[in-house]
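Peer 1: Below is one structure. I have some questions about it.
Just so you know, all these numbers are worked out from the coordinates, no wet-lab data involved. Fair warning: this is a prediction, and the values are worked out from it, not measured in the lab. Don't worry about glycine lacking a Cβ; one is built from the backbone with ideal geometry, like all the others, and counts go over all protein chains shown.
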Amino acid sequence: RKEVEQDPGPFNVPEGATVAFNCTYSNSASQSFFWYRQDCRKEPKLLMSVYSSGNEDGRFTAQLNRASQYISLLIRDSKLSDSATYLCAVRRGSTLGRLYFGRGTQLTVWP
Amino acid sequence: SAVISQKPSRDICQRGTSLTIQCQVDSQVTMMFWYRQQPGQSLTLIATANQGSEATYESGFVIDKFPISRPNLTFSTLTVSNMSPEDSSIYLCSVSGESNGNTIYFGEGSWLTVV
């Protein structure tokens, strides 16, 4: 079983729509959780960390469910500029350790 | 966040040759990692570059194929040896350390095409 499984999409939504991505992780020892955004032919860039209590950054909301071992990302009022691939990532134990990445979910927002 | 520079940004190489990718960080970082992302795939960790000692390789990756150096806390190199078309990929340097909140950041990547 892969360390991180992610809904591959693709998701094609109109501007203004709300879209949600889910990601599950297999190792219960995972301690840190992140969402990265990757534009075509670019490096992944950190979108937001995911905290136990859930967190929000503008139109983006991330949630963590430790019991079910999944994390989610909600994007409200989608913009054309949100079109990208969204990667979830988890880290075990050490705060300096490597990340395990999901395959990514492709989002296209159309006008 | 740390500024990470990777060179070359892209290259086209002949099979059987080797290419060394450099990663330079503008501040000292504790951890440096090398990832590979093949077309349409997610990021796969090749190895953790350890300062002053041999890199720690993930399953499926070996030192003879991917020798790594890390002479200090701001610089690392990854060599892709005896390349084949299957090595065509983006190679990404990433760093993590207390100075950037233990978050992992990526360099811009090196796009490698083997013909």
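Peer 1: Quick one: putting +1 on the C-beta of Lys and Arg, -1 on the C-beta of Asp and Glu, what dipole do you get for chain A around its Cα centre, in Debye to the nearest 20?
Peer 2: The calculated dipole for chain A is roughly 400 debye.
Peer 1: Just tell me how shielded A:97-105 is by partners: mean number of partner chain Cβ atoms within 10 Å of each residue's Cβ, no decimals.
Peer 2: 5
Peer 1: Here is a follow-up. Mind checking which of B:67, B:39, B:85 has the largest fluctuation in a GNM of chain B, springs on alpha carbons under 10 Å?
Peer 2: B:39
Peer 1: Hey, got the average number of other protein chain Cβ atoms within 10 angstrom for residues in B:39-45?
Peer 2: Neighbouring Cβ atoms belonging to other protein chains average 6 per residue here.
Peer 1: Continuing with this model, one more query. Work out the charge dipole of chain A with +1 on the Cβ of Lys and Arg and -1 on the Cβ of Asp and Glu about the Cα centre, then indicate which of A:87, A:63, A:29 is farthest towards its positive end.
Peer 2: The residue sitting most towards the positive pole is A:29.
Peer 1: What is region B:21-115's relative contact order, in percent, from Cα pairs under 8 angstrom and six or more apart in sequence?
Peer 2: Once divided by the residue count of region B:21-115, the mean separation gives 31 percent.
Peer 1: Taking the Cα centre as origin and putting +1 on Lys and Arg beta-carbons and -1 on Asp and Glu beta-carbons, what dipole magnitude results for chain B, to the nearest 20 debye?
Peer 2: 160
Peer 1: Across the residues of B:22-34, average count of Cβ atoms on other protein chains within 10 Å?
Peer 2: That works out to 1 on average.
Peer 1: Give me the lysines in straight-line cross-link reach of residue A:79: C-alpha distance below 22 Å, same-chain residues under 8 apart excluded.
Peer 2: A:42, A:45
Peer 1: Evaluate the relative contact order of chain A (contact order divided by residue number), counting alpha-carbon pairs under 8 angstrom at least 6 apart; express in whole percent.
Peer 2: This gives 38 percent for chain A.
Peer 1: Right, something else. With point charges of +1 on the Cβ of Lys and Arg and -1 on the Cβ of Asp and Glu, referenced to the Cα centre of chain B, which listed residue (B:41, B:84, B:115) lies farthest in the positive direction of the dipole?
Peer 2: Of the options given, the answer is B:115.
Peer 1: Next question, about the same structure. Counting only C-alpha contacts under 8 Å and six or more residues apart, can you give the relative contact order of region A:31-75 as a whole percent?
Peer 2: Answer for region A:31-75 is 27 percent.
Peer 1: Under the rule that a partner needs its Cβ under 4.7 Å from the first Cβ, which Cys of chain B have none?
Peer 2: That list is B:13.
Peer 1: List the aspartates and glutamates whose Cα sits under 15 Å from the Cα of residue B:7, skipping any in the same chain fewer than 8 residues away.
Peer 2: Within the straight-line cut-off, residue B:7 pairs with A:43, B:26, B:108.
Peer 1: Let me ask another. Hey, can you rank A:82-91, A:62-71 by average C-beta count inside 10 Å, highest first?
Peer 2: A:82-91, A:62-71
Peer 1: Follow-up. So how far, in whole Å, is the C-alpha centre of region A:65-81 from the one of region A:32-56?
Peer 2: 10
Peer 1: Based on Cβ point charges of +1 for Lys and Arg and -1 for Asp and Glu, what charge dipole magnitude is obtained for the protein assembly as shown about its Cα centre, in debye rounded to the nearest 20?
Peer 2: 160
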